[in-house]
Structure formats: structure tokens, C-alpha cells
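Inspection log for the structure reproduced underneath, given as C-alpha cells.
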Amino acid sequence: MKSTRPPKPLAALSALLLLPFFHAAAGESARLLEWRDKAAQGDASAMTSIGFAYFQGAEGVGQDRAEGVDWFKKGAAAGDRNAMNNLGIIYRDGAGIEADRAESHAWFLKAAEAGLVPAQYSVGQNY
């Protein structure tokens, strides 16, 4: 009977070529992988959590503030008021992006209208 296994040198080469892919996936925390699954199903809170992970460089991913902002925007678009508030803070402080007071106020206002007390306070401070 003939073996269907690849010769050992070929198997070793295959393992070396795939190693970076396994390492990248293994670096993300179980919690981040869970958030990704939930985000794929439309969970706004999970999108915001992924945004935090990227913004802070946590849960096994490197800090990437632009990616964090993108995830906050996804969470905000899906209705997460914490994502809206985070965007207000980011635009106010220019954290990772250019500061924009009008954009900041617009995000704080959306979060405030959704009932988030810290955002309501920020809107009051802006006035």
C-alpha cells in the first residue's frame, strides 16, 4: 500500500510556511476572538470592545489607533452609545487623529441623546 503522506522535507516546508498564520491567530486573546464572532453577528458592544483592544494595544493585538477608530465607528453605527462617546473623546483630544471640536460635539450629542450620562455632561461642558 502506497503512503499518501508528503515526504518529510515537504511536510517541514509546509509547516514553516504556515507558522506565521498560526502565530498571528494564536496571539489574539480568547476574549477578542469571542468579540470578533459577536461583531460578525452585528453585536455593537463587541465592535466597541474590539475598538478598545486596538486603541489600547490589548487582547493580543498591537496598538493601532486608526483601526480602533474604525471599530468605534462600526459600533456607533450599530447603536452603541459608548462607541459614540469614545469618538467624542477621540475627536476632542485628537487622540490618534486630528482634533475636530465640531465632530467631537456631534458624537457626544449622539451618545447623550442615547442616554449616556458622561456624554450629557460633555455636551453641557461644550455649551
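Values quoted throughout were computed directly from the atomic coordinates according to the rules given, and no laboratory measurement underlies them. This is a predicted model, so every value here is computed, not measured. Using ideal geometry, Cβ is built from the backbone for each residue, glycine included, and neighbour counts are taken over all protein chains shown.
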(message) Among the numbered criteria (1) free of Cβ contacts under 8 Å to residues at least 12 places away in the same chain; (2) assigned to a helix (DSSP H, G or I), which one does E98 miss?
(response) (2)
(message) Quick check on my filter: what residues within region 74-119 are over 19 Å from the mean Cα position of the chain (by Cα) and under 22 Å from A39 (Cα atoms)?
(response) K110, A114, L116
(request) Determine which single condition G60 fails, assuming it passes every other condition in (1) part of a loop (DSSP other than H, G, I, E, B); (2) closer than 24 Å to S122 by Cβ. (result) (2)
(request) Considering each residue of region 85-104, count those that are buried (at least 24 other Cβ atoms within 10 Å of the Cβ), touching a Gly at 6+ places or on another chain (Cβ under 9 Å) and over 16 Å from A53 (Cα atoms), and give that number. (result) 0
